[in-house]
1. What number of residues in region 121-141 are assigned to a helix (DSSP H, G or I) and in contact with a helix residue (DSSP H, G or I) (Cβ under 6 Å, 6 or more places away or on another chain)?
2. Within region 116-135, count every residue that is crowded, with 24+ Cβ neighbours inside 10 Å and not small (Gly, Ala, Ser).
3. Among the residues of region 49-71, what is the count of those that are without any contact (Cβ under 8 Å) to a residue 60 or more places away in the chain and either surrounded by fewer than 20 Cβ atoms within 10 Å (Cβ to Cβ) or not aromatic (Phe, Trp, Tyr) (or both)?
4. Somewhere in region 225-238, is a residue part of a helix (DSSP H, G or I), touching a residue at least 12 places away in the same chain (Cβ under 8 Å), of a type outside the set (Val, Ile, Thr) and surrounded by 14 or more Cβ atoms within 10 Å (Cβ to Cβ)?
5. What helices (runs of 4 or more DSSP H), lying completely within region 312-400, carry at least 1 residues that are touching a Gly at 6+ places or on another chain (Cβ under 9 Å) and in the same structural domain as Lys72 (by TED's automatic domain parsing)?
6. Identify the residue in region 290-306 that is assigned to a loop (DSSP other than H, G, I, E, B) and in contact with a helix residue (DSSP H, G or I) (Cβ under 7 Å, 6 or more places away or on another chain) and, among all such residues, is surrounded by the most Cβ atoms within 10 Å (Cβ to Cβ).
7. What pairs can you find where one residue is in region 25-48 and among the β-branched types (Val, Ile, Thr), the other is surrounded by fewer than 16 Cβ atoms within 10 Å (Cβ to Cβ) and assigned to a loop (DSSP other than H, G, I, E, B), and their Cβ atoms are less than 8 Å apart, with a gap of 6+ or different chains?
8. Give the residues of region 244-286 that are touching a Gly at 6+ places or on another chain (Cβ under 7 Å), modelled with pLDDT under 95 and surrounded by 16 or more Cβ atoms within 10 Å (Cβ to Cβ), sorted by residue number.
Amino acid sequence: MHFGIIQERKSPPDRRVVLSPRACQTVLKSFKQAKISVEPSHIRVFSDQEYSDAGICVAADMEECDVLLGVKEVPVESLIPNKKYFFFSHTIKKQPYNRKLLLAILEKNIELYDHEVITNSKGIRLVAFGRYAGIVGAYNGIRAFGLRSGEFLLPKATEIRDREGLIEQLKAVQMPVIKILLTGKGRVGNGAKEILDGMGLREVDVEEYLYSDFQEAVYCQIDVLDYNQRKDGKILGEGDFFQNAQDYESTFMRFAAVTDLYMAGHFYGQGAPYLFTREDAKKPEFNISLVADISCDVDGPVASTIRASSIENPVYGYDPMNETEVDFNAPDSIGVMAVDNLPAELPRDSSSGFGEAFVRHVIPAFFNGDQNGILERALMTKDGKLSPRFAYLQEYVDGV
């Protein structure tokens, strides 16, 4: 099986890669039938020379490869017919802007495997950049707080080599006495927690956070049942929330009343209550002055996130009274950091972490007959048609 690591061609450019030089070496050592070629790229975080030094072939011709590995969407004109492709297609939610891409994939008889739907038999994702979104998002949140308060100035994450470098920068910061709230205990939330712990912040429990005062900066990490409750008052556990989210209401305002910096690292499911609404943000007891929306659900559960921001311009202001965007430092505004491609700011670490998971879960499936169904579940198109699992996209393809 010949794997090709393709050049990222989407604009703006993404420096991440599916397999680092070390990951490539692991594949070749573990599977004697495997072969890997790397398409030259001056953008990729690992240079062509690093691959060559690791004994990996760097070659411009991807035609001989069986499986082509990328991160972001491949431009239509760059798709090679009759190949197997792995990348984030951003089509599974019927995104209008990528319909032409899916049409081209079908027309070119491409087998598309989307990273987003590489799961185990229980539907849990096996490869993702979520941890690094949390790591960079938390750093960006602290950085934005420094910019807004004038207390300290941190460099952008893109100017720092790795996670350890981010933590070193943060350790040098003298944090004011504030309360930081972090929602989510999955990959994203726990990635953010790594940063807060790494910089030496004290973690407190819910009761302490809500009802105690401190002489130092503290944070509290909460999960869904900490900020949601059943409308009928029953306590039925987390499983009930995920199955019957419509029966719950948000209790987030009790946290909003005592929080200075809020980091949103939770997963928001369809039908779940919003954490805080635009009306909530207008209330006098709403104390949050800055939101680092790592999850970045625009016009969703975090009302101040009215658009995604960019790596180049990561922050903006939200005027809660007029429900409009304003300058980041405008009086009485809520500062918002809502970069929607955070892992791209730490491309070396995020690529290495993603590659380790890809080598562990996906590569073996090509050599063991896909005994765990990894490839079957992730396959979106084959023989010019949608696979049965993704037949729901037919109307999207047809433009209905």
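1. Taking region 121-141 first, the residues assigned to a helix (DSSP H, G or I) are 130-141.
Cutting the leftovers down to in contact with a helix residue (DSSP H, G or I) (Cβ under 6 Å, 6 or more places away or on another chain) gives us 130-139.
Summing the residues that are assigned to a helix (DSSP H, G or I) and in contact with a helix residue (DSSP H, G or I) (Cβ under 6 Å, 6 or more places away or on another chain) in region 121-141 gives 10.
2. Looking only at that region, the number is 3.
3. Applying the first criterion (without any contact (Cβ under 8 Å) to a residue 60 or more places away in the chain) to region 49-71 yields 49-63.
Then drop every residue that is not either surrounded by fewer than 20 Cβ atoms within 10 Å (Cβ to Cβ) or not aromatic (Phe, Trp, Tyr) (or both), which leaves 49-50, 52-63.
Residues meeting the conditions: 14.
4. Taking region 225-238 and keeping what is part of a helix (DSSP H, G or I), we get 225-226, 238.
Subset that is touching a residue at least 12 places away in the same chain (Cβ under 8 Å): 225-226, 238.
Add one more test, that the residue is of a type outside the set (Val, Ile, Thr), and what stays is 225-226, 238.
The next check asks that each one be surrounded by 14 or more Cβ atoms within 10 Å (Cβ to Cβ); those that pass are 225-226.
The answer is yes, given that some residue of region 225-238 is part of a helix (DSSP H, G or I), touching a residue at least 12 places away in the same chain (Cβ under 8 Å), of a type outside the set (Val, Ile, Thr) and surrounded by 14 or more Cβ atoms within 10 Å (Cβ to Cβ).
5. On the way: elements: 347-361, 374-378, 394-398.
Counting at least 1 such residues, we get 374-378.
6. Ile294
7. If the second residue must be surrounded by fewer than 16 Cβ atoms within 10 Å (Cβ to Cβ) and assigned to a loop (DSSP other than H, G, I, E, B), the pairs left are Val38/Ala59; Ile43/Pro13.
8. Ala245, His266, Phe267, Tyr268
The values are calculated or read from the model by the stated rules, or taken from the named source; none is laboratory data. This is a predicted model, so every value here is computed, not measured. A quick note on method: Cβ atoms are made from the backbone with ideal geometry, for glycine too, and the neighbour counts reach across all protein chains shown.
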